[in-house]
Amino acid sequence: MARDKIRIGCGAGFADDRIPPGVEIVERGELDYLAMECLAERTIARETLDRAKDPAKGYTPVLLERMEAIMPPALRRGVKIVTNMGAANPMGAARAVRKHAAEWDCPDYTCAVVRGDEVTDVMRAHPELPLMEDGARLESLLPKMASANAYLGADVVAKGFATGAELVVTGRVADPALFLGPMLHAFGWSYDDYPKLANGTLAGHLLECSGQLTGGCFADPGRKEVEDLAGLGYPLADVWADGRVEVSKTPGSGGRLDVATCTEQLLYEMHDPSAYITPDCVLDASGVTFRTLGHDRVGLDGARGKPRTATYKVVVGYFDGYMGSGEMGFAGINALARAKLGIEVVKERLRRRGLSYEEMRVDLIGMNSLHANDASLCPEPYEVRLRIAARTPDKKAAEAVGAEVRSLHMQGPTGAGGGINFGARQILAVKSVLIPREWVKPEIVMEQAA
Amino acid sequence: MSIRVYDIAHARAGDKGNTSNISVTAYSDEGWQVLRRELTPEVVLGHFRHLTPGPVRRYELPQLRALNFVIENALGGGVTRSLAIDPHGKSLSALMLTVVLPGHNEGVARA
């Protein structure tokens, strides 16, 4: 399908991202493609656990709610969709959507599923692999492993669309690849055309966090204003076959897209700007410039690309015990001293119960909880909340933390109010390894044929 | 007179594992000259010393008047297992803006 230009919109930038701006960009964005990125590093581990309990599950929990809102208007307008909401079960996701599509009044559609990102068996076969974080052997994580998925590239997304599918459902795919995939499909770009791969990857990187390009994560009243932040619109990219890219956002939506928002988002989660490694190319963004082309419209220049690496990055999710936490508030005269007494009381009660923790953290919310600064240098606030969090392999010990904090209501210092016991949650941590590309065998499967 | 980074620049923080990266972008060319000269990796490490032993790396993007700081070991052992109330360190951009840069900055417009 030879095209001169396509328009790709972002419909979600994290699993629980706001749905209304996604509907809005479909209805008003005049899109050709919509990409929805919904998989953080560790969420796929949680979904792998869901699948273990119910083989039909394992996709992003908000999948059906999101697709009910977005798929009918998208299909009616001819907007093709790609999403990684398949998570740990892309085929299950595709089947769940199909099951409900008729009741959503969706036009008929075809759906391609990308499989093969899951590599838990490969991990078990290669305990010798070094972890990227600390060089330790993968072996130490294997008994606690919950999931292992390779970050696939845009080629599998393009192959999904090449089947004629209107909907492509994936598991783990590199975030920018969800956007580069439609470009590869529409324009037939090859993997040695580095300038185009670089521009497409840059566009994907800018768009993948939805509202963070369009005025989210930006406003500072009196300093950096964002018009109608409440009505923040999602971003889109116009991409030409020659690799030219301009970014904009839903016409008439709130927010702001300009050189300042683009600069902040360019460097978001980027380390060395000259070597941003993706499965599709190594993006050199060190010379990127932004051109103001109009209100809420910016052109991208200066991206350079180098060949993709010979490896895929794999994120391994593993169980790392439990975290328990709780909070309690104090206000008025001597509030800080009462909060500090509350902390000591909780610690001592946990100690007398014989409970111990790998790590315990104490915060005074209102003074040092976010920047861990020296609270003794802060002016004493009118009100303060104590927060205690601790990690332990023992679930009951984790549960005790929030319970002891909450019981300060009745058995703590005077005037303790607004207590919360957050309970215990299982910690799913992640580490990474690199594996040769040949060890991963992605495949495209049509959902109807299943 | 001294000047806060807040007075001349804006910032955004991102996370990868146990590493925080914080971009700092000047509002003006004058502010950029001050940032580039004064906001060194050593100054940033000093300001974040209670959170991390470092290291801190700095990347320059002069065409965007931006610096990118990569601050290792700053996220309480990593986003997924940190006990911090802000495990991603999203709020650390605001900590960067509180850095006070030394004098000889007269003439820098507070944009």
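The values are calculated or read from the model by the stated rules, or taken from the named source; none is laboratory data. Computed from a prediction, not measured in an experiment: that's the story for all the values here. Neighbour counts are summed over all protein chains in view; Cβ atoms, including those assigned to glycine, are modelled from backbone coordinates with ideal geometry.
Annotations for the structure displayed:
- Selection status of residue A:364, farther than 30 Å from residue A:286 by Cα and away from chain B (no Cβ under 14 Å): no
- With respect to the conditions (1) aliphatic (A, V, I, L, M); (2) within 9 Å of the chain's Cα centre (by Cα); (3) in a loop (DSSP other than H, G, I, E, B), residue B:1 lacks only one, and its number is (2).
- Scan of region A:80-102 for residues that are closer than 12 Å to residue A:39 by Cβ and part of a helix (DSSP H, G or I), ordered by number: A:90, A:93
- Any hit, region A:36-45, residues being under 28 Å from residue A:249 (Cα atoms), part of a helix (DSSP H, G or I) and modelled with pLDDT under 95: yes
The rows are residues; the columns are (1) out of contact with any helix residue (DSSP H, G or I) (no Cβ under 6 Å at 6 or more places or on another chain); (2) surrounded by fewer than 24 Cβ atoms within 10 Å (Cβ to Cβ); (3) part of a helix (DSSP H, G or I).
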{"position": "A:157", "(1), (2), (3)": "no, no, yes"}
{"position": "A:160", "(1), (2), (3)": "yes, no, yes"}
{"position": "A:171", "(1), (2), (3)": "no, no, no"}
{"position": "A:179", "(1), (2), (3)": "no, no, yes"}
{"position": "A:183", "(1), (2), (3)": "no, no, yes"}
{"position": "A:186", "(1), (2), (3)": "yes, yes, yes"}
{"position": "A:195", "(1), (2), (3)": "yes, yes, yes"}
{"position": "A:200", "(1), (2), (3)": "no, no, yes"}
{"position": "A:204", "(1), (2), (3)": "no, no, yes"}
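- Every pair of residues 6+ apart whose Cβ atoms lie under 9 Å, when the first sits in region B:83-96 and is without any contact (Cβ under 8 Å) to a residue 24 or more places away in the chain while the second is among the aliphatic types (A, V, I, L, M) and outside any loop (DSSP other than H, G, I, E, B): B:83/A:323; B:83/A:360; B:83/A:389; B:83/A:390; B:84/A:389; B:85/A:365; B:85/A:389; B:86/B:92
Quick grid of which residues meet (1) within 14 Å of chain B (Cβ to nearest Cβ); (2) surrounded by fewer than 21 Cβ atoms within 10 Å (Cβ to Cβ); (3) over 30 Å from residue A:140 (Cβ atoms); (4) of a type outside the set (Gly, Ala, Ser):
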| residue | (1), (2), (3), (4) |
| --- | --- |
| A:401 | yes, no, no, yes |
| A:409 | no, yes, yes, yes |
| A:424 | yes, no, no, no |
| A:428 | yes, no, no, yes |
| A:434 | no, yes, no, yes |
| A:446 | no, yes, yes, yes |
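- When region B:97-111 is filtered for residues that are modelled with pLDDT of 95 or more and either at the interface with chain A (Cβ under 10 Å from one of its Cβ atoms) or on the phi > 0 side of the Ramachandran plot (or both), the ones remaining, listed by number, are B:97, B:98.
- Of all residues in region A:244-267, none that is within 14 Å of chain B (Cβ to nearest Cβ) and on the phi > 0 side of the Ramachandran plot has its Cβ atom under 6 Å from the Cβ atom of a residue that is surrounded by fewer than 18 Cβ atoms within 10 Å (Cβ to Cβ) and of a type in the set (S, T, N, Q), 6 or more apart or on another chain.
- Top-ranked residue of region A:209-236 - restricted to ones that are buried (at least 21 other Cβ atoms within 10 Å of the Cβ) and in contact with an Asp or Glu (Cβ under 7 Å, 6 or more places away or on another chain), ranked as farthest from the other protein chains (Cβ to nearest Cβ): A:233
- Within region B:52-71, the set of residues being surrounded by 21 or more Cβ atoms within 10 Å (Cβ to Cβ) and either modelled with pLDDT under 95 or away from every other protein chain (no Cβ under 11 Å) (or both) comprises just one member, B:56.
- Among the residues of region B:72-89, the one identified as under 16 Å from residue A:431 (Cβ atoms), among the aliphatic types (A, V, I, L, M) and within 8 Å of another protein chain (Cβ to nearest Cβ) is B:79.
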